[in-house]
Structure formats: structure tokens, C-alpha cells
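Quick notes on the structure that follows.
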Amino acid sequence: MNILFIKNMVCNRCIIVVQNEMKKLGLKLENIKLGEVTLEKELSSSEKDALESALVPLGFQVIDDKKGRIIEQIKNVIIDLVHYKDNDTKANLSDILSKKLNHDYNYLSNLFSEVESTTIEKYFIAQKVEKVKELLVYDELSLSEIAYRLNYSSVAYLSNQFKKVTGLTPSYFKQIKEEKRKPLDKV
């Protein structure tokens, strides 16, 4: 088996797009999840070139270097946690990342900061703010329900963090809804 790490796979639609491209190329998959594809066999160099040629125009990229793979795994764990889990865990982000990636959190944190020029915590907050924006636009949940769903200790804490990042209060954002949400791979 061969595992490929794919940059910018941030949602279920991304998984479908990558899966379809790989099927078009006749590549057999064992498993596919955010940022990671497990193939039945290792790719030849011509298969790898064909895959990269198919994926790059769609905004994806095969990651060859170890640091890049770890960064993408960190991002995918955070995206999954914020956007696809509904208050499933009360564990610390540092514990979750260390456990899922089998690395010391200090190593992960330093590597992320070095490569991304921001901290894991700031990236995590940015993802949470994007999720808050999404939930505010849907207008199905109250602010206190959103705070609970995203593990904020209080509505006030959510509001303060939201304003710090966007410059707007959640209620004002909800009124204007003009500020466009960022794609997850651009956060």
C-alpha cells in the first residue's frame, strides 16, 4: 500500500473530486479521507506525473516532503474537528494533534509556525470564526447554540474572539451578511 498526502483537500466535495480524478487515471484506491489517499500499490513515476497534472488545475497538490505532509495533516485534523464534529470532544487541541499525528505538540507547533508563519492556535481560531460565520449565515442556531457547538466557554468569549478576528460583532455580521466567507483552504 502507498499513502499520498494531498494539499487543499478540505471538504467532502474535495474528496469526491480527487477520487474521481484518480478513477479517471485508473488508480485503485484503498481509502480516501481529508488530505490523504491510500492506494493499493505504489505509483509509477508516469502515474504520479499524470496524477499531479490532473490535480494541480483543480487546486490540489501531491505533497512530497515530510514537513509539508505534517502541516497538511495538522490542518486537516483542525478542519475536521471544527467543521465536521459537533461538540464531540472536550479534549485540548494539543492533545488531539499529538495523539493523531504521533508527535510531541511542541514539535508540531514549532514546525507549523515555521512553515505557515502563524501559530496552530491562530489557525484553529480562524477556522472556528469561519464556522461561526457559516452558522450565522444559515440562521438556524442562536449564538448560544453556536457557542456550545464550537466549545466556547460562553457567548461573550465567542463574541470577543469573533470581533477580534473580523472587526465585527456576530450580531452585526448576521445583519449585513455582506462579508464573504473565506474558502477553508484560504484561512
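The values are calculated or read from the model by the stated rules, or taken from the named source; none is laboratory data. Quick caveat, the model's predicted, so the values are computed rather than measured. When we count neighbours, we look across all protein chains shown, and the Cβ atoms used for this are built from the backbone with ideal geometry, even at glycine. These accessible areas exclude ligands, DNA and RNA; they are computed on the full protein's heavy atoms, side chains included. Shrake-Rupley method; radii C 1.70, N 1.55, O 1.52, S 1.80 Å.
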_If I filter the range 152-187 down to residues being part of a loop (DSSP other than H, G, I, E, B) and under 21 Å from VAL10 (Cβ atoms), which single residue comes out as modelled with the lowest pLDDT?_
GLU179
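Is it fair to say THR38 is in a loop (DSSP other than H, G, I, E, B) and either of a type outside the set (D, E, K, R) or buried (at least 19 other Cβ atoms within 10 Å of the Cβ) (or both)?
Values: in a loop (DSSP other than H, G, I, E, B): no; either of a type outside the set (D, E, K, R) or buried (at least 19 other Cβ atoms within 10 Å of the Cβ) (or both): yes.
In short, no.
Would you be able to say whether some residue in the range 52-63 is β-branched (Val, Ile, Thr) and either farther than 23 Å from MET22 by Cβ or more than 18 Å from the chain's Cα centre (by Cα) (or both)? If you could, list the steps in order and put the result at the bottom.
Of the range 52-63, the ones β-branched (Val, Ile, Thr) are 56, 62-63.
Remaining after also requiring either farther than 23 Å from MET22 by Cβ or more than 18 Å from the chain's Cα centre (by Cα) (or both): 56.
The answer is yes; a qualifying residue exists.
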*Can ASN102 be described as open to solvent by 50 Å² or more (accessible area, probe 1.4 Å), free of Cβ contacts under 8 Å to residues at least 40 places away in the same chain and at negative phi?*
no
*Filter the range 105-120 for residues that are part of a helix (DSSP H, G or I), free of Cβ contacts under 8 Å to residues at least 40 places away in the same chain and under 17 Å from the mean Cα position of the chain (by Cα); which is surrounded by the most Cβ atoms within 10 Å (Cβ to Cβ)?*
LEU108
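Listed here are the residues, each with its yes/no results for (1) at pLDDT below 90; (2) in contact with a Gly (Cβ under 6 Å, 6 or more places away or on another chain); (3) of a type in the set (A, V, I, L, M, F, W, C); (4) open to solvent by less than 70 Å² (accessible area, probe 1.4 Å).
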site: MET9; (1), (2), (3), (4): yes, yes, yes, yes
site: ILE15; (1), (2), (3), (4): no, no, yes, yes
site: GLU30; (1), (2), (3), (4): no, no, no, no
site: SER53; (1), (2), (3), (4): no, no, no, no
site: PRO57; (1), (2), (3), (4): no, no, no, no
site: ILE63; (1), (2), (3), (4): yes, no, yes, yes
site: ARG69; (1), (2), (3), (4): yes, no, no, no
site: LYS75; (1), (2), (3), (4): no, no, no, yes
site: HIS83; (1), (2), (3), (4): yes, no, no, yes
*Among what's in the range 137-151 and is in a helix (DSSP H, G or I) and touching a Ser or Thr at 6+ places or on another chain (Cβ under 9 Å), pick the residue that is least open to solvent (accessible area, probe 1.4 Å).*
ALA147
*Evaluation of LYS133 against (1) surrounded by 14 or more Cβ atoms within 10 Å (Cβ to Cβ); (2) farther than 27 Å from SER159 by Cβ (one fails), failing number*: (2)
*TYR123: more than 17 Å from the chain's Cα centre (by Cα) and of a type in the set (Phe, Trp, Tyr), yes or no?*
no
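If I filter the range 8-30 for residues that are in a strand (DSSP E or B) and free of Cβ contacts under 8 Å to residues at least 24 places away in the same chain, do I get at least one hit?
Of the residues in the range 8-30, the ones in a strand (DSSP E or B) are 29-30.
Next, only the ones that are free of Cβ contacts under 8 Å to residues at least 24 places away in the same chain stay: 29.
The answer is yes; a qualifying residue exists.
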*Considering the range 152-178 alone, what residues qualify as being without any contact (Cβ under 8 Å) to a residue 24 or more places away in the chain, open to solvent by less than 40 Å² (accessible area, probe 1.4 Å) and either touching a Pro at 6+ places or on another chain (Cβ under 9 Å) or polar (S, T, N, Q) (or both)?*
SER159
